[in-house]
Amino acid sequence: MEEVFKTVKASKITISELMLPSHTNFSGKIHGGYILSLLDQIAFACASKYSGNYCVTASVDTVDFLNPIEVGELVTLKASVNYVGNSSMIVGIRVEAENIRTGKVKHCNSSYFTMVAKDKEGNNTKVPKLILSTFDEVRRFYYGVKMIAVRKDKQEHEEIFDYKSDEALKNLKNYNVKVNLD
């Protein structure tokens, strides 16, 4: 079977949406949950476009809310596949909001979603290999490698860390907790 390669550019998707009063939270800013919904949609579209398959969200690795979004601003989400494994892809997403009266643009969110390609039977399926064409794409790919390593390290730590040990319990005095075990 012939190996398939695609460029990062082939995965890129941009969507824009005007923020309405119905999208607000109790403080009058755009609700983070609404933005999360848009992030999931664009991650799906980006991964599916790149892989040519239906894709599911395996994990939301990072969602950094940097600036609030106001009613009436035009929100633009830009997504691309930054990393590929066998059936998984890490999709990087940048969210910007533009004040349509002044033209001022602010960076509001950066997010990383791990998506997995599925075949017609719902099994994981191979995705095209990634062609890196710029040093920025190389940097983003290595960031994906690092994210996977950190995730594995975290899982390994959970498996071996003895939170019941005297040392672990004694160490809790360094935090804002009171231990009151039955």
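Rundown of residues vs (1) within 19 Å of Tyr143 (Cβ to Cβ); (2) over 20 Å from the mean Cα position of the chain (by Cα); (3) among the hydroxyl-bearing types (Ser, Thr, Tyr), yes/no style:
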residue	(1), (2), (3)
Val4	no, yes, no
Val8	yes, no, no
Lys12	yes, no, no
Ser27	no, yes, yes
Ser37	no, no, yes
Lys49	no, no, no
Val56	no, no, no
Asp64	yes, no, no
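Of Ser11, Ser22, Ser16, all but one fail to be modelled with pLDDT of 95 or more, of a type in the set (Ser, Thr, Tyr) and open to solvent by 80 Å² or more (accessible area, probe 1.4 Å); the exception is Ser22. Take Arg94 and tell me if it is among the basic types (Lys, Arg) and open to solvent by less than 90 Å² (accessible area, probe 1.4 Å). No. All conditions in (1) open to solvent by 100 Å² or more (accessible area, probe 1.4 Å); (2) part of a helix (DSSP H, G or I); (3) within 28 Å of Phe65 (Cβ to Cβ) hold for Gly144, with the sole exception of (1). For segment 50-66, a residue qualifies if it is open to solvent by 40 Å² or more (accessible area, probe 1.4 Å) and either farther than 9 Å from Tyr112 by Cα or free of Cβ contacts under 8 Å to residues at least 12 places away in the same chain (or both), and the qualifying residues are Gly52, Asn53, Tyr54, Val56, Thr57, Ala58, Asp64, Phe65, Leu66. Of the residues making up segment 152-174, those that are within 30 Å of Thr114 (Cβ to Cβ) and part of a loop (DSSP other than H, G, I, E, B) are Phe161, Asp162, Tyr163. Quick check: anything in segment 148-163 open to solvent by less than 100 Å² (accessible area, probe 1.4 Å) and on the phi > 0 side of the Ramachandran plot? No, that holds for no residue. If you filter segment 105-115 down to residues that are surrounded by fewer than 23 Cβ atoms within 10 Å (Cβ to Cβ) and over 18 Å from Phe141 (Cβ atoms), you find that the one that is farthest from the chain's Cα centre (by Cα) is Val105.
The values are calculated or read from the model by the stated rules, or taken from the named source; none is laboratory data. As the structure is a computational prediction, the values presented were derived from the model and not from experiment. Positions of Cβ are generated from backbone atoms using ideal geometry, with glycine treated the same way; all protein chains shown enter the neighbour counts. Side chains are part of the model used for accessible areas, which takes the heavy atoms of the whole protein and leaves out ligands, DNA and RNA. Shrake-Rupley method; radii C 1.70, N 1.55, O 1.52, S 1.80 Å.
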